[in-house]
Amino acid sequence: MQEAMKSFSNIIAPITAMSYATDNSALNVGDTVKVPYASPNSASNAFSYASGYGSTNSTQLGVRPVVLSNLLFQRFVINDADASKLDSNSILTFAKQAGEKLAGDVISASIASVVTNANYPTSASCTSGQLTSSIALADLVTQADEELWTTDNRNIILGTSAWNSLIKNTALNQAFSYGGNQVVQNALPTNVYGFNVYKTTVNLPNNAKALVLNPTSILFATGQHKPSEVSKPTVNFFSSQEKGITLTMRNWYDQNAAQTVYVLECLFGTATGNTNGLFQMK
């Protein structure tokens, strides 16, 4: 479970660019989890002793229910004949591969379910190929400023081709060469022009090459899919949480097939938030 969670959390990192929450009670497909949400701030109100603080809110703070509509899993088995020949490292390799693949599929399903032109009609101010120029990045900053995004939590989720363009940016390369770790750390961009940078190898919807977003644009929730009380004597259950995202594993022995079955799974759901909080980059 620990090895699976380690590889899962490395790949699932782009989800942390969204507003997300988890619920560790026993949940099933179709249940809901409440995710924090804040509507965009309007202009500040002027105080007067005649009207006081009035009744108009600058923003609405609260939660929105997100339906856990997806339960994806990776299953692998070890039969009795092979068990005596497999060492612990081999089993950990299986778990790691399952964790990585599950994380990628969760990202793909989550983004594909909400990122449509109808939900997020605004295109980014540049194409992915223009990320080789810092002028394009500066224009992205201006676009986010004009939408009144907060300055401390701006994000870019980059597909492979957009990532390739970004790391070819000569300004970023020079910053790395001269030790400018504010821009590039550990040979990888982590924060560029105020944007937290995430790489994903999954295909983004609508032929988008990257998504520029703040957390209020997409709401993501996970929960624990626990076995029933009846199954407890025969099913082992494990749960782990990393970065606020829950992953579970169950395993049991199949006497008829003489094998141990492992199921790594993630119960999750996604919903739209602020439609002006995401730009699609083609």
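The values are calculated or read from the model by the stated rules, or taken from the named source; none is laboratory data. Quantities reported herein were computed from a predicted structural model and do not represent experimental measurements. As a convention, Cβ positions derive from the backbone with ideal geometry for all residues, glycine included, and neighbour counts pool all protein chains shown.
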Scan the range 71-83 and report the pairs whose first residue is of a type in the set (Lys, Arg) and whose second residue is assigned to a strand (DSSP E or B), with Cβ atoms within less than 6 Å and a gap of 6+ or a chain change.
Arg75/Val263
Just to be sure, is Thr170 of a type outside the set (A, V, I, L, M, F, W, C), assigned by TED's automatic domain parsing to the domain that holds Leu213, at pLDDT 90 or above and farther than 16 Å from Phe279 by Cβ?
no
In the range 240-255, anything under 22 Å from Ile157 (Cα atoms) and outside any strand (DSSP E or B) is listed as Lys243, Gly244
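Might you let me know whether the range 156-171 holds any residue that is aromatic (Phe, Trp, Tyr) and within 29 Å of Met249 (Cβ to Cβ)?
No, the conditions are met nowhere in the range 156-171.
Okay, residues lined up against (1) in contact (Cβ under 8 Å) with a residue 12 or more places away in the chain; (2) under 13 Å from Met18 (Cα atoms); (3) part of a loop (DSSP other than H, G, I, E, B); (4) within 26 Å of the chain's Cα centre (by Cα):
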position: Thr216; (1), (2), (3), (4): yes, yes, no, yes
position: Leu219; (1), (2), (3), (4): yes, yes, no, yes
position: Val230; (1), (2), (3), (4): no, no, no, no
position: Phe238; (1), (2), (3), (4): yes, no, no, yes
position: Ala257; (1), (2), (3), (4): yes, no, yes, no
position: Thr260; (1), (2), (3), (4): yes, no, no, no
position: Val263; (1), (2), (3), (4): yes, no, no, yes
position: Phe268; (1), (2), (3), (4): yes, no, no, yes
position: Asn276; (1), (2), (3), (4): yes, no, yes, yes
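Which one of these is farther than 24 Å from Ser69 by Cα and either modelled with pLDDT under 90 or of a type outside the set (Asp, Glu) (or both): Lys232, Lys243? Can you show your working first?
Numbers: Lys243 fails: farther than 24 Å from Ser69 by Cα.
When all the criteria are applied, what remains is Lys232.
Using the structure shown, decide if Asn203 is surrounded by fewer than 16 Cβ atoms within 10 Å (Cβ to Cβ), at pLDDT below 95 and in contact with a Lys or Arg (Cβ under 7 Å, 6 or more places away or on another chain). Please lay out each step first, then the result.
Values: surrounded by fewer than 16 Cβ atoms within 10 Å (Cβ to Cβ): yes; at pLDDT below 95: yes; in contact with a Lys or Arg (Cβ under 7 Å, 6 or more places away or on another chain): no.
No.
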The range 82-106, subset farther than 12 Å from Glu3 by Cα and in a helix (DSSP H, G or I), residue modelled with the lowest pLDDT:
Ala83
